[in-house]
Each structure stands twice: as structure tokens, then as C-alpha cells.
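Participant: Submitted below is the structure of interest, expressed as C-alpha cells.
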Amino acid sequence: MSETSRFALPLLQAAQAQKHVTVNEALSRIDGLMQLTLISVTKNTPPVSPQEGDAYGVGAAAVNDWAGQEGRIAVYVNGGWSFVPATLGMRAYIRDQNGWAGHDGSGWVLGMQTLSPNGAGMVQKVVELDHTLTAGPVSTVSYAIPDQSVVFGVTGRVVTEITGTGLTGFSLGVAGSANRYGSGLSLAQGSWLRGLTGTPVTYYSAEDLILTGEGGDFEAGGVIRLAIHCLQFALPTA
């Protein structure tokens, strides 16, 4: 046996010369895998100028130095790529998706919280977007709430001041409930909102978020950053 079974760490052999090389290789891999952060899990082409310790989840159609390593973790150590198996139950922070993911045995699932023997699971999501307001009494964020989701709340921050003639504030909601996520909300840059639902609300189809002006109409140009906090559920395999 020349490698460990889980992370393919190199093992010292009997009477091996230059033992420090093998030990340092193993330590470098461990350093890349502890508190695992993957820069991306969708890239197929290795970066041109990787940094020591960079780690990626190799994509499904890998080329160049990653060819044949699909689905494995690529760690850049000692000036070259080392490849480690990605296995069921591993967790990692995915930097280019800004979230934690779990490995379901075949791939990385962002926000995975639970997993059944046949792939059913609960996925926790934060959908974040910047919305530039349009002129008029309402400004609509089209299909902001994902379909088949249970929403616990919406938070937000005014990035650029919201303006309008006679405007004193705004409410945030959905069709049929204009203030579900808040009313009397501030227009000032840096102000925030935290709209919690007392009972989580299920949306079976994608839903617009609607900002409604209070006291007047919106002028175009204000920007608000919104985050929808929700759960979704994966089906078991056949």
C-alpha cells in the first residue's frame, strides 16, 4: 500500500530514501484539504497561474493537466497538481458560488443539509440579487423567489438611495400581499430590512418580489440588494 485509502496521501516505504519528500507531500495535501475551500467545482481547464494550496473540484470534461481526473479534487502543491477522491459526505466552501456544499456521492450540491440513501435531500439556499428600481408606483423583481421553495424570509440593503417625488418609504411583498416582507421601509443608502415570515411560506411556482412606493412614485435608479432565504427538496432516485 503506497497511499492512504481516503485522501490518497503518500505513505513512507520501508528503508525509503529522501523521506522528507514524501512526508512534505502528504502534509501539503492535508493543508489543502483541511477546512476545505474549493475555488470552483465547474471548471474543466486548470488555471494558468495557480497559487500553492489552491483547490478545485474538477469538472465533468477535464482537459490538459486535469484530463482523466473528472470529479476529483485537484490541489496545487509543490508546483504541480495532486488529485484526491471526492467522496460521499465531504463538505466544502465553494468560493465562486459563495456557499457551503456537500458531496452526494456523485457531485457537489450547494446548500445540502440532508441526504437519504437514494438521493432525496433538503437544500438550504440564499438567493441574492441587486435590483435597480424602475420609475412608477411599483418596481418588480421578476421571478426572484425560486419555484418549489419554502421561504423563511427576505433581507435587504439599500445600496444606492431610493428616490421619488413625495416618496416617504416603501413596502416589499408579493402579488396579493404587498407588505409581506415589510412596510414603512427606509429609502436611505445603507438602510436595511429583515422581513421574516411567522410561518414559512411555500411557493410552488417562481414568484416576483414587488416594491411598492409609499407617499409617491419611484424614480428610476435606486438600487436595493435583496436576499431570499429558502429551502428546496430533492427527489429520491428511481
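The values are calculated or read from the model by the stated rules, or taken from the named source; none is laboratory data. Bear in mind that the values here come from a model prediction, so they are computed numbers and not experimental data. Don't worry about glycine lacking a Cβ; one is built from the backbone with ideal geometry, like all the others, and counts go over all protein chains shown. Just the protein is used for accessible areas: all its heavy atoms, side chains included, with ligands, DNA and RNA removed. Shrake-Rupley method; radii C 1.70, N 1.55, O 1.52, S 1.80 Å.
Participant: Can you pull out the residues in region 171-183 that are out of contact with any Asp or Glu (no Cβ under 6 Å at 6 or more places or on another chain) and either part of a strand (DSSP E or B) or modelled with pLDDT of 95 or more (or both)?
Facilitator: Within region 171-183, SER171, LEU172, GLY173, ALA175, SER177, ALA178, ASN179, ARG180, TYR181, GLY182, SER183 meet the criteria.
Participant: Just a yes or no: is a residue in region 72-88 among the aromatic types (Phe, Trp, Tyr), at pLDDT 95 or above and in contact with a Ser or Thr (Cβ under 9 Å, 6 or more places away or on another chain)?
Facilitator: No; the residues of region 72-88 include none that is among the aromatic types (Phe, Trp, Tyr), at pLDDT 95 or above and in contact with a Ser or Thr (Cβ under 9 Å, 6 or more places away or on another chain).
Participant: Now for a different question. Just one of the numbered conditions (1) free of Cβ contacts under 8 Å to residues at least 24 places away in the same chain; (2) out of contact with any Leu (no Cβ under 7 Å at 6 or more places or on another chain) is not true of GLY105; which one?
Facilitator: So GLY105 meets the others, but not (2).
Participant: All but one of (1) touching a strand residue (DSSP E or B) at 6+ places or on another chain (Cβ under 8 Å); (2) at pLDDT 90 or above; (3) open to solvent by 40 Å² or more (accessible area, probe 1.4 Å) hold for GLU52, so report the exception by its number.
Facilitator: Here GLU52 meets the rest and fails (2).
Participant: So if I check each of ALA220, ALA238, which one is open to solvent by 40 Å² or more (accessible area, probe 1.4 Å), among the small types (Gly, Ala, Ser) and under 30 Å from ASN118 (Cβ atoms)?
Facilitator: Of ALA220, ALA238, the one residue that is open to solvent by 40 Å² or more (accessible area, probe 1.4 Å), among the small types (Gly, Ala, Ser) and under 30 Å from ASN118 (Cβ atoms) is ALA238.
Participant: Follow-up. Tell me which of these THR197 doesn't satisfy, since it passes every other one: (1) open to solvent by 50 Å² or more (accessible area, probe 1.4 Å); (2) more than 17 Å from GLY136 (Cα to Cα); (3) at pLDDT below 95.
Facilitator: Only one criterion is unmet by THR197, namely (1).
Participant: Output the number of residues of region 185-238 satisfying the condition of being among the hydrophobic types (A, V, I, L, M, F, W, C), more than 20 Å from LEU129 (Cβ to Cβ) and touching a residue at least 24 places away in the same chain (Cβ under 8 Å).
Facilitator: 4
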